[in-house]
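Structure first, then comments.
Here, each number is a calculation from the coordinates, and none is a lab measurement. Being a predicted model, the structure only gives us computed values, none of them experimental. Virtual Cβ from ideal backbone geometry, glycine too; neighbours counted across all protein chains shown.
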Amino acid sequence: MNNNNEKKYIRSHEPVFWGLFGAGGTLTAFMTPVMILITGILVPIGLFGEGKFNYQQIHQFATSWYGAAIILILVALPLWHTFHRIFHGLHDLGVKQGRDWQQVICYGSAFAVTIFVLTLLLQMIAA
Amino acid sequence: MSKRKPYQREVSSKWWLAQAFYSKYMLREGSSIFITLYSLILGWGVFRLSQGEAAFNAWMESLQHPSAIIFHFIALLFAIYHSFTWFSLAPKAMDIWLKGKPLEDKLIVSGHYIAFIIVSVFCLVVIL
Amino acid sequence: MANKTIKIEILRYRPEQEDKPSPQLFEVPYSPDLTILEALQYIKDHLDSTISFRWSCRMAICGSCGLMVDGVPKLGCKTFLRDYFPNKIKLEALANFPIERDLVVVMDDFINKLEEIKPYIIPEDNTKCLSDGPHQQTPEKLAKYKQYSMCINCGLCYAACPQYALDTKFTGPAALALLARYNRDSRDAGSKQRMKIVNQEEGVWGCTFVGYCSVVCPKGVDPAAAIQLLKVESSKDYLIGMFKPD
């Protein structure tokens, strides 16, 4: 074999995104169903008492350090999972155009929401 | 002279409809769309929370709209499907050996379900 | 009861006389113990001698007779007519490979990938002398890779893989499972060379864990598991690479 023809192997950066995908996917698998049940169904149809899940309670939780951390993880981490799937799903559907841009938009959205929520939480804690 | 002329079949972009197994895979991947929307709703809730009590209550009220409840119901079904597929595939991504034998798939899967139930009940009790 | 028959539709392709494949219907005598492969042999012997298909061992070990049966990748020798009777059976060359002729596909890409992953034990540099005796291995060490060594290179998993269908650059299930087989072998020291293949975009990262490869495998190999475990290995390798670039 000729050395000049030796194949160049290029390492993928996918482990970074796959790691976030896996963490988000695990969190989603364990938490999202019960979260949707609470915030999307039980609370709106009024199955909880009046004193529960109200502004004071949530605000107090969100302005504690641990509460803010929990909210950030619960809101933002699933997006690193879902946008990873959407990015690969576009490939599955044969959307070949602008893969680079698809990547920027998908992971960029997850990043933007993460920063947005983080900023809001920090503002609330500082206020 | 060679008469070779290998024929390359084209892949339809609807390949995932041709086979139930593929359709279920796409359903699994599609769960991400609903979970994305749900996360964005929560993110918006944090934004409204930061704007004060009136804004937060308006957000809470918007969740009572029938269309919101229908959306959350569909999202819940997709989220459960995601959990189901995630737990079923978990053994394949784990390489746990005990006493020279691989840990049984059934144990790993049921362990996930037990943890899932504990987490869900814990959340409901804490919030209730 | 006598003279029962079953209809078999075969997607034929004769490159010297046509530009694209077309179906041809055959009717063969039915018996519950007949395999698809035997039905094909009946067709070749009695109905149309021009039909082409690959076969050799007739006992699911040579891996030659892979084909699509009603759209599902199967070994012809291991699939029985009784599981389809009385319905018509549709046969087609193994999906995701170019058709050479009738049910024969071009497997060059698959074979190249198998070769590329160095499917042999690469000993450590300070190789021990032959007179030192064989490399000992405990049953536990064997169990770590045995499942992945059962592959017969039939290509069914490639026909089942949508990611390979969408992009043939993907290394694919069988080659990665075989790679795992050698990386998990206690006698092997070639992991570092093979991880370069694993770490690429077209290595394990071309996989989205559809999981159909493991379902269709006629030998009980679990390529999907091999690939997920290699993703974990590749991630570890990535972290190490950040601190110790080579």
TM-like helix rule applied to chain A (DSSP H, alpha carbon span at least 18 Å on the long axis, mean Kyte-Doolittle at least 0.5) gives A:14-35, A:65-92, A:99-126
Which loop-located trypsin sites (Lys or Arg not before Pro) does region B:1-67 contain, where loop means any DSSP state but H, G, I, E or B and the Cβ has at most 12 other Cβ atoms within 10 Å?
B:Lys3, B:Arg4, B:Lys14
Toy charge model, Lys and Arg Cβ at +1, Asp and Glu Cβ at -1: chain C dipole around Cα centroid in debye, rounded to 20, equals 600
On Cα atoms only, tilt of C:173-183 relative to the major axis of chain C in degrees:
30
With just the Cα atoms of chain A, tell me how far they stretch along each of the three principal axes, in Å, largest first.
76, 33, 25
Report, in deg cm²/dmol and to the nearest 500, the calculated mean residue ellipticity at 222 nm for chain B, where each DSSP H run with n ≥ 4 adds -39500 (n - 2.57) and the sum is divided by the residue count.
-24000 deg cm²/dmol
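Just from its helices, what would the mean residue ellipticity at 222 nm be for chain C, if runs of 4 or more DSSP H residues each count -39500 (n - 2.57) and the sum is divided by every residue, rounded to the nearest 500 deg cm²/dmol? Numbers along the way, then the final one.
Details: 9 runs with 76 residues, N = 246.
After summing the helix terms and dividing by residue count, I get -8500 deg cm²/dmol.
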Selection from C:Ala175, C:Pro245, B:Ala93, by position along the positive dipole direction of the protein assembly as shown (Cβ)
C:Ala175
Helix-derived mean residue ellipticity, 222 nm - over chain A, DSSP H n ≥ 4, -39500 (n - 2.57), to 500:
-23500 deg cm²/dmol
Mind listing the Cα extents of region C:106-246 along all three principal axes, in Å, largest one first?
48, 39, 28
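Restricting attention to region C:84-137, which trypsin sites (Lys or Arg not before Pro) occupy a DSSP loop and are surrounded by at most 15 other Cβ atoms within 10 Å?
C:Lys88, C:Lys128
Please sort through the DSSP H helices of chain B and keep those with an alpha-carbon extent of at least 24 Å along the long axis and a Kyte-Doolittle average not below -1.0.
In chain B, the long hydrophobic H runs are B:20-50, B:66-89, B:105-127.
In whole Å, what three semi-axes, largest first, describe the equivalent ellipsoid of region C:5-105 built from its Cα gyration tensor (square root of 5 times each eigenvalue)?
20, 16, 13
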Using the Kirkwood radius over Cα pairs, work out the Stokes-Einstein diffusion coefficient for chain C at 4 °C and 1.567 mPa s, in µm²/s as a whole number.
65
For region B:94-101, in order, what is each residue's ³J(HN,Hα) by Karplus, 6.51 cos²θ - 1.76 cosθ + 1.60 with θ = phi - 60°, in whole Hz (x at glycine and Pro)?
10, 10, 9, 10, 10, 6, x, 10
Highest GNM mean-square fluctuation among C:Pro86, C:Pro162, C:Pro173, for chain C with Cα springs under 10 Å, belongs to C:Pro86
I need the calculated FRET efficiency for the pair B:Ile74 and A:Val16, taking r as the beta carbon distance and R₀ as 35 Å, to the nearest 0.05.
0.65
Sort region A:26-65 into rounded, prolate or oblate with this rule: let a ≥ b ≥ c be the square roots of the eigenvalues of the Cα gyration tensor; rounded if a/c is under 1.5, and if a/c is not under 1.5, prolate when a/b is larger than b/c, oblate otherwise.
oblate
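Suppose every Lys and Arg Cβ carries +1 and every Asp and Glu Cβ carries -1, with no other charges. What dipole size does region C:126-246 come out with about its Cα centre, to the nearest 20 debye?
260
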Take every DSSP beta bridge whose two residues both sit in region C:5-105, then give the antiparallel share in percent to the nearest 5.
85
Label-to-label distance, nm, for residues given as A:Lys52 and C:Arg14 (7 Å Cα→Cβ offset):
7.5
With the crude spin-label approximation of a point 7 Å out along Cα→Cβ, what separation in nm comes out for C:Tyr42 versus A:Gln60?
7.9
Suppose R0 equals 30 Å; then what is the FRET efficiency for B:Ile114 and B:Leu40 from their Cβ-Cβ distance, rounded to the nearest 0.05?
0.45
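Quick one: compute the contact order of chain A, relative version, from alpha carbon pairs under 8 angstrom and 6+ residues apart, as a percent.
34
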For peptide C:204-210, compute the average count of partner chain beta-carbon atoms within 10 Å of each residue's beta-carbon.
6
Across peptide B:42-54, what mean number of C-beta atoms from other chains lies inside 10 Å of a residue's C-beta?
6
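Can you list which of the GluC sites (Glu not before Pro) found in region C:91-158 are DSSP loop residues with at most 14 other C-beta atoms within 10 Å?
C:Glu124
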Largest first and in whole Å, give the semi-axes of the protein assembly as shown's equivalent ellipsoid, each being the square root of 5 times a Cα gyration tensor eigenvalue.
48, 30, 22
Highest mean first, what order results for A:84-97, C:9-22 on Cβ atoms within 10 Å?
A:84-97, C:9-22
Contact order normalised by residue count of region C:108-243, Cα under 8 Å, 6+ apart, percent:
30
Expressed as a whole number, the average count of other chain Cβ atoms within 10 Å around the Cβ atoms of A:94-104 is 1
Label-point gap, in nm, between A:Leu93 and B:Lys101 - each point 7 angstrom along Cα→Cβ
4.6
For an R0 of 41 angstrom, estimate the FRET efficiency from the Cβ-Cβ distance between C:Ser49 and C:Lys169 and round to the nearest 0.05.
0.60
Protection-proxy order for peptides B:89-101, C:229-241, C:69-81, each taking the mean of Cβ atoms within 10 Å per residue, highest first
C:69-81, C:229-241, B:89-101
Quick check on my link table: of A:Lys96/C:Lys20; C:Lys144/C:Lys192; C:Lys196/C:Lys219; C:Lys7/C:Lys169; B:Lys5/C:Lys4; C:Lys20/C:Lys74, which ones sit more than 30 Å apart, alpha carbon to alpha carbon?
C:Lys7/C:Lys169; B:Lys5/C:Lys4
Given Cα pairs under 8 Å that are at least 6 residues apart, what percent is the relative contact order of region C:5-105?
35
Sequence gap of 8 or more, or different chains, plus Cα separation below 21 Å: how many lysine pairs satisfy both in region B:14-127?
4
